[in-house]
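Below is one structure; the comments refer to it alone.
The values are calculated or read from the model by the stated rules, or taken from the named source; none is laboratory data. In this text, all values refer to a predicted model and were calculated from it rather than measured experimentally. Note that we place each Cβ from the backbone using ideal geometry, even for glycine, and neighbour counts take in every protein chain shown. We work out accessible area using only protein heavy atoms, side chains counted, and drop any ligands, DNA or RNA first. Shrake-Rupley method; radii C 1.70, N 1.55, O 1.52, S 1.80 Å.
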Amino acid sequence: MLPFLKRLLLPLAAICFICILLSKSSTAPDLRYPTRLPKTQEPIRIPIAHSFSNISSHNNPAPDYTIPVVPSNVKKTTPKALLDLTTCPLPPNRFTGHIRLPNMLFNISMDPPSAKTEEKRTFWNPTIFALPYWADNQYIIVSMVVASGEAYRRNVLCEATICHPKNKRSTTTRERACTEGDLRILGPNGGLRCATAPIEVDVPPTPAEQCSGLEQTLADIPGFHDPRLFYSGRGEPILMVVSQSRYACIGLWTIDLRVVYPAIEETFSSSPRRLGPGPLMSYPTLTELTRNPPSTRQSYEKNWVMFFPSPATSYLQYELNSTTRTFAQLIGGGLTTQNMTDVSEEPCLSDELGETETDIFTVSFSWHQATPALKLVLCKRADASCIANNPDTVFFAVIQRKHNNGFGLPIRYERYFVIWSATWPFNMLAVSQHPILMANETNRGWKPVEIWDDVPEAKDEQREVWGEFTYTTTIAYAWGRAESDIREKGTGYLDDYVILSVGIDDKDGLYGKVVAEDLLQCLRICPGRL
């Protein structure tokens, strides 16, 4: 019996030993997921996700997905907290119609303290968002680089911090005091300065499926433009860019910022309040966003807004203007459902909104979505009783009214805020009654004396116009909040600070910081809301 058992066990032992060796041997990587990139700050080549067929129509939705029906008894009332924000604390400028906030715009420098030589390049259209509060630095900036004789769009990225002059340093934030070197570069008011050397964001050129006319010229220029940074509902840092489209001519693409800039991977996986490797990547490769059905796609797509009602769901808002609103749910791989806008929703934006008399050169205007959306709890963070009472939540974003001359070129951009519900069916709730200007901001279309009419001391100072036009590219909650979870980065309260990324004259960048409640004052409730 014993010899028989030995003959049986020896082959089994040999088979087990071979299996163990095989399990520890190297295998080919799974191409569905990217290998972890080295933690380097050199330019990185990013893979592009495979294209997908998205051929569903309004009559034939995507397989295994049903568009939810808006119930007839859906809540039409407006949250009281928004009704409280319909009062205007100041009258609008009698010439321009703007409401001017007391908050200033500050300078941005992409020249870090460690630089051996002064930065000579010109940067514009910055997009800024806050790093987690436990990071070494406060913000990340992605800025476009003004082309200097080359047919290539370049964008650079750096980590940055805000500083204030010692006599103006905030007592409510942990922002640092400026050094003499900071003030020399940023000016006497301080501002936002790179703490790390800017590196090129090397997202690969993407192919254009079909372009015609003037668009063909744009399609032949490699490199992306109009970068936007924001957090997903799961706390993923997302970079959205405009580049050549595999479905049309120009489209929108997304990728996780940790793939583009691996240096922040350690920060996102080292939360002092949450164990784990950080949020999983929804966009580990460069992924094109789509519109469904294909017949609704335009040859040049831009200015889409992504919003996240929950960590597990995300939506794309395509259009928002005086006649049309369309949005759809993302279902994976950049694919979407059909349009999900409530058919009973009345338009909230009006072509007459805040209309004032302007110069003779302005002949037309259009509405443009401008910034990512932020989720807002309609309570103050300091009001524990309000938070305990299950308050309403909404999304808000900047929408700009672009005024054009007879050649179709922009004369000015006017900044408005729009608000919609954070619960299905995500109805529009309110919009700014008047365009919003910052304390030291000017705009084209009026004489200096008219622009500064709402600032009594400006007449004695003989203030001039220092910017032809400004436009808001991104809004984000400011750095310094002690979030308990990375998923809170895109959610805030009425008393939280918001940082606004502002471009000026297509040749520079600025930023402002304003409490959310102050940005959303002087609202007009949308039609159909009670």
Of residues in the range 437-462 being farther than 16 Å from Phe95 by Cβ and not charged (D, E, K, R), the one most open to solvent (accessible area, probe 1.4 Å):
Gln462
Do we have any residue at all in the range 221-232 that's aromatic (Phe, Trp, Tyr), modelled with pLDDT of 95 or more, crowded, with 21+ Cβ neighbours inside 10 Å and touching a Gly at 6+ places or on another chain (Cβ under 8 Å)?
yes
Of the numbered conditions (1) out of contact with any strand residue (DSSP E or B) (no Cβ under 8 Å at 6 or more places or on another chain); (2) crowded, with 22+ Cβ neighbours inside 10 Å; (3) not aromatic (Phe, Trp, Tyr), Ser270 satisfies every one except a single condition; which is it?
(2)
If I ask for residues that are without any contact (Cβ under 8 Å) to a residue 40 or more places away in the chain, of a type outside the set (D, E, K, R) and surrounded by fewer than 16 Cβ atoms within 10 Å (Cβ to Cβ), which ones from the range 327-351 would you list?
Gly332, Ser350
List the residue pairs whose Cβ atoms are under 7 Å apart, where the first residue sits in the range 74-98 and is open to solvent by 30 Å² or more (accessible area, probe 1.4 Å), the second is assigned to a helix (DSSP H, G or I) and of a type outside the set (S, T, N, Q), and the two are 6 or more positions apart or on different chains.
Phe95/Glu450
Please count how many residues of the range 299-319 are in a strand (DSSP E or B) and more than 16 Å from Thr393 (Cβ to Cβ).
7
Between a first residue in the range 235-257 that is at negative phi and a second residue that is among the basic types (Lys, Arg) and open to solvent by 10 Å² or more (accessible area, probe 1.4 Å), which pairs have beta carbons less than 8 Å apart while being 6 or more apart in sequence or on different chains?
Leu239/Arg228; Met240/Arg228; Val241/Arg228; Val242/Lys302; Tyr247/Arg297; Ala248/Arg297; Ile250/Lys302; Leu252/Lys302
Kindly indicate whether Arg529 is open to solvent by 10 Å² or more (accessible area, probe 1.4 Å) and modelled with pLDDT of 95 or more.
no
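Conditions tested, residue by residue: (1) modelled with pLDDT under 95; (2) under 27 Å from Leu239 (Cβ atoms).
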| site | (1), (2) |
| --- | --- |
| Glu357 | yes, no |
| Ile360 | yes, no |
| Phe365 | yes, no |
| Pro372 | no, yes |
| Val377 | no, yes |
| Gln400 | no, yes |
| Phe417 | no, yes |
| Thr423 | no, no |
| Met428 | no, no |
Going residue by residue through the range 78-98, is there one that turns out to be under 21 Å from Leu519 (Cα atoms) and assigned to a strand (DSSP E or B)?
no
One residue is enough: does the range 488-497 have a residue meeting the conditions within 22 Å of Cys163 (Cα to Cα), in contact with a strand residue (DSSP E or B) (Cβ under 9 Å, 6 or more places away or on another chain) and either β-branched (Val, Ile, Thr) or not in a loop (DSSP other than H, G, I, E, B) (or both)?
yes
All but one of (1) touching a Cys at 6+ places or on another chain (Cβ under 9 Å); (2) exposed (fewer than 14 other Cβ atoms within 10 Å of the Cβ); (3) part of a loop (DSSP other than H, G, I, E, B) hold for Thr217; state the number of the condition that does not hold.
(3)
Among the residues that make up the range 471-486, is at least one of them small (Gly, Ala, Ser), under 27 Å from Val145 (Cα atoms) and not in a loop (DSSP other than H, G, I, E, B)?
yes
Restricting the search to the range 135-146, which residues are surrounded by 14 or more Cβ atoms within 10 Å (Cβ to Cβ) and of a type outside the set (Ser, Thr, Tyr)?
Ala135, Asn137, Gln138, Ile140, Ile141, Val142, Met144, Val145, Val146
Scan the range 199-210 for residues that are part of a loop (DSSP other than H, G, I, E, B), open to solvent by 30 Å² or more (accessible area, probe 1.4 Å) and touching a residue at least 60 places away in the same chain (Cβ under 8 Å) and jot them down.
Gln210
One residue is enough: does the range 159-169 have a residue meeting the conditions acidic (Asp, Glu), open to solvent by 10 Å² or more (accessible area, probe 1.4 Å) and touching a Leu at 6+ places or on another chain (Cβ under 9 Å)?
yes
Please report, ordered by residue number, the strands (runs of 3 or more DSSP E) entirely within the range 356-431 with at least 1 residues that are closer than 24 Å to Leu500 by Cα, open to solvent by less than 10 Å² (accessible area, probe 1.4 Å) and of a type outside the set (Phe, Trp, Tyr).
374-377, 393-404, 410-421
Restricting attention to the range 314-326, does a residue exist that is charged (D, E, K, R) and either open to solvent by less than 30 Å² (accessible area, probe 1.4 Å) or at pLDDT below 95 (or both)?
yes
